[in-house]
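Enquirer: Structure incoming, see below.
The values are calculated or read from the model by the stated rules, or taken from the named source; none is laboratory data. Computed from a predicted structure; not experimentally measured. Here the Cβ is made from the backbone with ideal geometry for all residues, glycine too, and neighbour counts use every protein chain on show. For the accessible areas, the whole protein counts, side chains as well, though only heavy atoms, and no ligand, DNA or RNA atoms are used. Shrake-Rupley method; radii C 1.70, N 1.55, O 1.52, S 1.80 Å.
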Amino acid sequence: MSKEMSTALEAAAQESEIITRMLVTIYAPNAISPIRFVANDNQDLTMPDGTVFSAASITRGDISSNTEGDKEQVSLTLSNKWEGWAAYLAENGKALKGCRCIIEDVFLDHLNEGAVWRFDGVLDDLGMTISEFTCKVTRSKVDYDQDGPNID
């Protein structure tokens, strides 16, 4: 067997690249249904159940926690180029603070498998410029001081 990979095998290895997209769902006030985005795509994404995610330029930062370890955060940056989103932000931007936000990943070749959960929290630290909307999604960790169910 040759030490070099055959061109057919090399081509097959390149084709088997796993392509994922980030999904962002915001449960916003004054919206008929949740606002859904698919990140870094040039077309909307329709899931097998008919749920539509609008294409948008979104970047996600790394998950970080504070020094007390009781909160985790991830930053999101979303382009304001989509007119519907920009109009919603202009009218309801302040009302978004505290709204639930879910971040998931989906494998484009395996949409029937559903999305993989990444982060669930509330919108915080909202900011907007002419070109982008930025926020942090904050999640409180489990409070171990809360009473749990009795297991007898």
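Enquirer: With the condition kept exactly as written, say whether any residue in region 37-47 is among the aliphatic types (A, V, I, L, M) and under 22 Å from residue 127 (Cβ atoms).
Expert: The answer is yes, given that some residue of region 37-47 is among the aliphatic types (A, V, I, L, M) and under 22 Å from residue 127 (Cβ atoms).
Enquirer: Every residue in region 98-112 that is of a type in the set (A, V, I, L, M) and surrounded by fewer than 16 Cβ atoms within 10 Å (Cβ to Cβ), please.
Expert: Scanning region 98-112 gives 108, 111.
Enquirer: Confirm whether residue 95 is open to solvent by 30 Å² or more (accessible area, probe 1.4 Å), among the hydrophobic types (A, V, I, L, M, F, W, C) and either touching a Leu at 6+ places or on another chain (Cβ under 6 Å) or modelled with pLDDT of 80 or more (or both).
Expert: Considered against the rule, which asks whether it is open to solvent by 30 Å² or more (accessible area, probe 1.4 Å), among the hydrophobic types (A, V, I, L, M, F, W, C) and either touching a Leu at 6+ places or on another chain (Cβ under 6 Å) or modelled with pLDDT of 80 or more (or both), residue 95 comes out as yes.
Enquirer: Okay, next question. Looking at 115, 87, can you tell me which residue is surrounded by fewer than 13 Cβ atoms within 10 Å (Cβ to Cβ), closer than 21 Å to residue 57 by Cβ and out of contact with any Ser or Thr (no Cβ under 8 Å at 6 or more places or on another chain)?
Expert: Selected residue: 87, the only one of 115, 87 that is surrounded by fewer than 13 Cβ atoms within 10 Å (Cβ to Cβ), closer than 21 Å to residue 57 by Cβ and out of contact with any Ser or Thr (no Cβ under 8 Å at 6 or more places or on another chain).
Enquirer: Ok, one more. What is the residue count in region 93-115 for residues that are in a strand (DSSP E or B), within 21 Å of residue 43 (Cβ to Cβ), under 11 Å from the mean Cα position of the chain (by Cα) and of a type in the set (A, V, I, L, M, F, W, C)?
Expert: Looking only at that region, the number is 2.
Enquirer: Counting just the residues of region 43-72 that are closer than 22 Å to residue 132 by Cα and part of a loop (DSSP other than H, G, I, E, B), which one comes out modelled with the highest pLDDT?
Expert: The extreme case among them is 44.
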